[in-house]
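The structure under discussion appears below in the form of structure tokens.
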Amino acid sequence: MRTSRRQFLARTAQVGVLLGAGIPLLNACGGDSGGSGDQSTEPIADGLQPEKGPLRIVNYADYVNPEVIADFEAKYGVKVEISTIDTDTEAVAKLASGALKVDVHHSMASTSIGNLIKGGLIQPLNRSYLTNRGNVIEAFDDPWYDPGAVYSVPYTFFGTGIGYRADRIDPAEVEAQGWDTLWNAAAFKGQVSILDDEREAFTMAMLRKGITDINTLDQAIIDQALADVTELIDLVNVKVNIEGYKDIPEGTTTIAHTWSADLIAGAASYLPEGTTSDVLGFWHPPSEQYVVNNDSMGVLANAENPVLAHLYIDFLLDNAVAEKNFSWVGYLPALTKLDADYVIGAGYVPENLRSCVPTNDDIAKGLKYKALGPEGDAQYEAAWSKFTAGG
């Protein structure tokens, strides 16, 4: 993956900012995910012919293979225009205000889909056009952010764990220590990092203490997480960034709190010449304590090319197309065929990084972030500001 996408992941949906800005369509939105009962539009009719385009998409820079876009253009004889954004907040604000008019939101964050539904910004999907929908991993048939998968189709998915240099720290030691690995890494002072994201960092500290309510607004728990993360400043001179994807392969970081997909991408792109991928390792907790996340595709309620938009989403759900896209993007598509056995057998992921591929159980049983609302966002942001100021 490219830097712009990583920056988004470090600054994911801040719904409270939108509400505070007075975005009209979102003023009535709450922090919980919406369901089909909130729909304000109807799906398009069956059997319609595709429009002539151009198909307009909003997405993060470098988050879809240009060759895949060219293949879609050739198949349907249309042009595709991509508007790029840096954050989920930016995308929703521009869509709600009318500043951005597109057909497909390519990469909706799970924490904002409920608000997009309630705000009437996306339309229910007509599955008669989604002939490849059956390729999607079963756990996404009834996702936590869109009950019944009425409005969305998953694009990519990933989990949060510890990436490390297996030639410097024994994988068995990481497995035994779990999250404590970060606090016990004095021998690697200056070579330890955590994600530059308040939800991710504080969640990691909570999980270390056995707290699995990762959407808690209990101030005492948030304050304890702040105190625990702050300990890492003196203990290991912790770095705070989103660069584990390159720092671990390059060797400037030995232990990193990071995303599973970063190790996949890093193994392919950032290992020095002559260094093999077996120096990399990734640990994550058991499924019930594993934080999994994903991006989803949806059709805008005011799409000028809704049939073409459905066909584009269906195109990305084709196994061969998704594989081609993954080979360039580096984040796993949420398709059953492209499981760990397949991507390892095809040479995309080394065997020692099998743990970087979340399973259906990981998705079904794992922990999920939910929107906290403006007050909840403020709580986490205030605590994070204290940490970044040095505790």
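The values are calculated or read from the model by the stated rules, or taken from the named source; none is laboratory data. Everything numeric here is computed off the predicted structure, so don't read it as measured data. In this analysis, Cβ positions are derived from the backbone assuming ideal geometry, glycine residues included, and neighbour counts consider all displayed protein chains.
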Exercise. What number goes with the only condition from (1) crowded, with 16+ Cβ neighbours inside 10 Å; (2) not assigned by TED's automatic domain parsing to the domain that holds D88 that D170 does not pass?
Worked result: (1)
Problem set entry | Conditions (1) farther than 14 Å from V136 by Cβ; (2) buried (at least 24 other Cβ atoms within 10 Å of the Cβ): number failed by V291 | (2)
Seminar exercise, completed: Across (1) assigned to a strand (DSSP E or B); (2) of a type in the set (A, V, I, L, M); (3) in contact with a Ser or Thr (Cβ under 6 Å, 6 or more places away or on another chain), A371 clears everything bar (1)
For this session: For the stretch 242-331, please list each of the helices (runs of 4 or more DSSP H) lying entirely inside it that holds at least 2 residues being in contact (Cβ under 8 Å) with a residue 12 or more places away in the chain and β-branched (V, I, T).
Result: 306-316, 319-329
For this session: Inspect all residues belonging to the stretch 98-118 and state whether any of them is charged (D, E, K, R), surrounded by fewer than 23 Cβ atoms within 10 Å (Cβ to Cβ) and closer than 24 Å to D146 by Cβ.
Result: yes
For this session: Select, from D103, D197, D88, the only residue that is farther than 16 Å from N59 by Cα and charged (D, E, K, R).
Result: D197
Problem set entry | Single residue of S385, S355, S296 found to be of a type in the set (S, T, Y), at negative phi and buried (at least 23 other Cβ atoms within 10 Å of the Cβ) | S296
Exercise. Given (1) touching a helix residue (DSSP H, G or I) at 6+ places or on another chain (Cβ under 8 Å); (2) not in a helix (DSSP H, G or I), where does E173 come up short, assuming only one miss?
Worked result: (2)
Exercise. With (1) farther than 19 Å from W328 by Cβ; (2) in contact with a Lys or Arg (Cβ under 8 Å, 6 or more places away or on another chain); (3) surrounded by fewer than 23 Cβ atoms within 10 Å (Cβ to Cβ) as the list, and G281 as the residue in question, which single condition is left unmet?
Worked result: (3)
Seminar exercise, completed: Of the conditions (1) outside the structural domain of T253 (by TED's automatic domain parsing); (2) assigned to a helix (DSSP H, G or I); (3) under 28 Å from A172 (Cβ atoms), the single one that Y348 does not satisfy is (2)
Seminar exercise, completed: Over the stretch 332-345, the set of residues out of contact with any Pro (no Cβ under 6 Å at 6 or more places or on another chain) and not in a helix (DSSP H, G or I) is L332, P333, L335, T336, K337, L338, D339
Exercise. In the stretch 358-381, what residues are among the acidic types (D, E), crowded, with 17+ Cβ neighbours inside 10 Å and in the same structural domain as I222 (by TED's automatic domain parsing)?
Worked result: D377
Seminar exercise, completed: Over the stretch 180-233, the set of residues touching a residue at least 40 places away in the same chain (Cβ under 8 Å) and in a loop (DSSP other than H, G, I, E, B) is A185, K189, G190, Q191, D196, D197, T212, I214, N215, L217
